Amino acid sequence: MIGYVTIGVSDMTRAKAFYSSLLTDFDARVLVDMGRICFIGKKMSEPMLAVCIPYDEQPHDPGNGNMVALHPGSKEAVDTTYHKAIELGATCDGEPGQRIPDQFYGAYVRDPDGNKIAFYHFG
């Protein structure tokens, strides 16, 4: 159902480097780079993450309540991806941990532009 999710950034070079490095363990890479916007994923027929300089050329706004949630595949992978994001320049917005007993394990970061990202695992 989801084709791609777009988040606004202030620096495309930094954003592409951050997300390309962060998502290598997901087997994702930049699939299309159009300068102002690029699409990162496994292939064009699967959901992708797009990062872009806003079309109206106004400053990006991470939004309150907006978040991209990524599923790395296991609780251990949540931990690994969270720590990798921090090493790449993200800031902590909630350390890895069990949020709902036996149901939801998650970790939260803010990318270098302040966009909120969740890494999660159900079960």
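Worth a mention:
- Report summary: the helix-based calculation at 222 nm, which adds -39500 (n - 2.57) for every DSSP H run with n ≥ 4 and divides by the residues of the chain, gives -6000 deg cm²/dmol.
- Here the peptides 28-39, 57-68 are ranked by packing, the mean other Cβ count within 10 Å, and the order with the highest first is 28-39, 57-68.
- For the chain, DSSP calls about 70 percent of its internal beta bridges antiparallel.
- Here the label points at GLN98 and MET44, each 7 Å from Cα along the C-beta direction, are separated by 4.5 nm in the simple model.
- Each eigenvalue of the Cα gyration tensor of the range 1-69, multiplied by 5 and square-rooted, gives one semi-axis; in descending order these are 19, 14, 12 Å.
- Whole-number D in µm² s⁻¹ for the range 13-123, Kirkwood Cα-pair radius fed into Stokes-Einstein, 37 °C, 0.692 mPa s: 225 µm²/s
Values in this text are rule-based calculations from the coordinates and carry no lab data. Keep in mind the model is a prediction, meaning the values are calculated, not measured. Counting neighbours? That spans all protein chains shown, and the Cβs are built from the backbone with ideal geometry, glycine included.
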